[in-house]
Amino acid sequence: MSRNQGYMLEDGSPRYGSRTTVTGAEETARSIRTRVEDVPETAAQLGLDDLAAAIDRRLVSSWADNPNELVEGLRDAYPEELVAARTLVKAHLGSQRQWRLKAQSVRDRQLAGLMDRRRTSGSTRGILALRFVLMAALIALPVSIAATDRENLLKLVLAGVACFILAVVGGHIITVQARVPVMPAIRGAWLSELREDVVNATLVAILRSKGILMEARTIAAAERGIESIRSASQAVATLRD
């Protein structure tokens, strides 16, 4: 069977586009109208914790193990709308780095209430004192060596190593004492997968806005990623309540 034949059903109508015979499932899909900007706008409001949770949820989901044939067919059938979806997503999210920075900014705002609570309780004063002690130690050691024996290269190298170890250990102790939630690690390749989920859902919204009929199962497959992101974000929100 050729690639084009894969887009056609037995009645000769296209699998992903408008058909001569409209089913109830298609009518239902067609009646659901959303703003095209809703999906990328929602994605732009996610914090780093939301993205990390969405990545974890995607990694353990069987539907995300391999590309979905229906979604790939939809993207191939509407290349112009796919370009429009990518353009819209980029307008709201920016590049991968910019999206990550947006998410970092959202996380900072989410943690602002926590830091205010710590300041009110007075616990931040002890953390601030620990930071000053660490900074003083990191400065004093190399300065004292440079002032007394600057020609001893070995001592300067050892002082640098000692300062590095002290910074890592001291920073870890201060982070633990501050009780700040762990910074999530976001890997670029996995973030790209989330971005494609956003693109797929935006593509569906664009096709809906044009009144193009789609099978309900194709819509469900294309929106599965964004629904997973929303579920992960809601779960993270319950932790902050």
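Every number here is computed from the coordinates shown, using simple stated rules; none is lab data. Bear in mind the structure is a predicted one, so any value in this text is a computation, not a measurement. FYI the Cβ positions are ideal-geometry reconstructions off the backbone, even for glycines, and counts take in every protein chain you see.
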From the phi angles alone, apply the Karplus equation (6.51, -1.76, 1.60; θ = phi - 60°) to the range 210-222 and give each ³J(HN,Hα) in whole Hz, x where the residue is Gly or Pro.
8, x, 7, 6, 9, 5, 4, 6, 5, 4, 4, 5, 6
Calculate the spin-label point distance for R109 paired with V143, positioning each point 7 Å from the Cα along the beta-carbon direction, and give it in nanometres.
4.0 nm
Each label sits 7 Å from Cα toward the beta-carbon; between L239 and F164 the label points are separated, in nm, by 3.2 nm
Using a Förster radius of 51 Å, what is the FRET efficiency between Q177 and R35 based on their Cβ-Cβ separation? Nearest 0.05, please.
0.65
Potential lengthening between A84 and A185 on full extension [0.36 nm per residue; Cα-Cα distance subtracted]:
33.3 nm
